[in-house]
Amino acid sequence: MIKPFFSILVVDESGNMISELPLDVRKNSTETYNATVTDSPVESGYTISDHVRLLPEEISVEGFVSSVPPESVPLAGDLGGDMGPGSEPSPEVLDAFAAIMKVYQARQVVTVVSGLSVYPNMVINHVEFPRSVEQGLGLWFSMTLRRLIVVSTLSASLPDAVIKKLKALKKARAKPDPKAQQAMATLKKGRADQAPVTDPGIKGTAGGAAANFP
């Protein structure tokens, strides 16, 4: 286990660095790129890229924060220190745990700098801290980060002539239609003028339920 160039930088909304998550040893890391491809047939002549959607990048890293200075021991496997009775994690380990959990719980944005690329707008979506006697008092952690898609909202001002036309159209739609009003009045008058249908052999109106049969 060595420490190649790999950093997790905590940044503010403007992208300025606030702090760096502690990492003495990076055991391994994986940078993952995925895409979703349509299952439907694509006709020839169409743009193929319209049917492929790139997913946000993911980075997984297994790291270690030592309870003793790394330069004071010959082997990386000895960085954990003793975990015998009465042993407690060092302040460096506790501070590292608190720093990682603060970024996770606050959902802060970080920038990951690896030997391959720089990944801005990353957030921690998984982190775990395995503990065992063999690992000692150092802080081992496994973390997964995923890129957050950030978009900007654009606004534009309409010309005054367009605004006037829109207002006039809205006003015209709100004004009652004289022809429609006249048709509705005629329909109501026709219903009022209709006389009830009666039959000499039937008592009551046409809508009555009683009938008188000879």
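Readers should treat all values here as calculations from the given coordinates under stated rules, not as data from a laboratory. Computed from a predicted structure; not experimentally measured. No Cβ is skipped: glycine too gets one built from the backbone with ideal geometry, and neighbour counts run over all protein chains shown.
Assuming R0 = 45 Å, what is the FRET efficiency of MET17 and SER155, from their Cβ-Cβ distance, to the nearest 0.05?
It comes out at approximately 0.90.
What distance in nm separates the two pseudo spin-label positions at LEU166 and ARG191, each 7 Å out from Cα along the beta-carbon direction?
It works out to 3.9 nm between the two label points.
If each residue's Cβ is checked for other Cβ atoms within 10 Å, how do TYR119, TYR46 rank with the fewest at the top?
Numbers: TYR119 20, TYR46 9.
With the sparsest Cβ surroundings first, the list reads TYR46, TYR119.
Identify the GluC sites (Glu not before Pro) of segment 1-67 meeting these criteria: DSSP loop state and at most 12 other C-beta atoms within 10 Å of the C-beta.
Within segment 1-67, the qualifying GluC sites (Glu not before Pro) (loop, at most 12 other Cβ atoms within 10 Å) are GLU13, GLU43.
Treat the count of other C-beta atoms within 10 Å as a stand-in for reagent exposure and order PHE141, PHE129, PHE6 from fewest to most. Can you show the working numbers first?
Details: PHE141 19, PHE129 13, PHE6 16.
Lowest to highest Cβ neighbour count: PHE129, PHE6, PHE141.
Compute the FRET efficiency between TYR33 and GLU88 as 1/(1 + (r/R0)^6), taking r as their Cβ-Cβ distance and R0 = 45 Å, and round to the nearest 0.05.
0.60
Ranked by Cβ crowding within 10 angstrom, fewest neighbours first, how are ASP177, ASP95 ordered?
ASP177, ASP95
Given a Förster distance of 30 angstrom, what is the FRET efficiency for LEU54 paired with SER132, based on the Cβ-Cβ distance and rounded to 0.05?
Efficiency, rounded to the nearest 0.05: 0.20.
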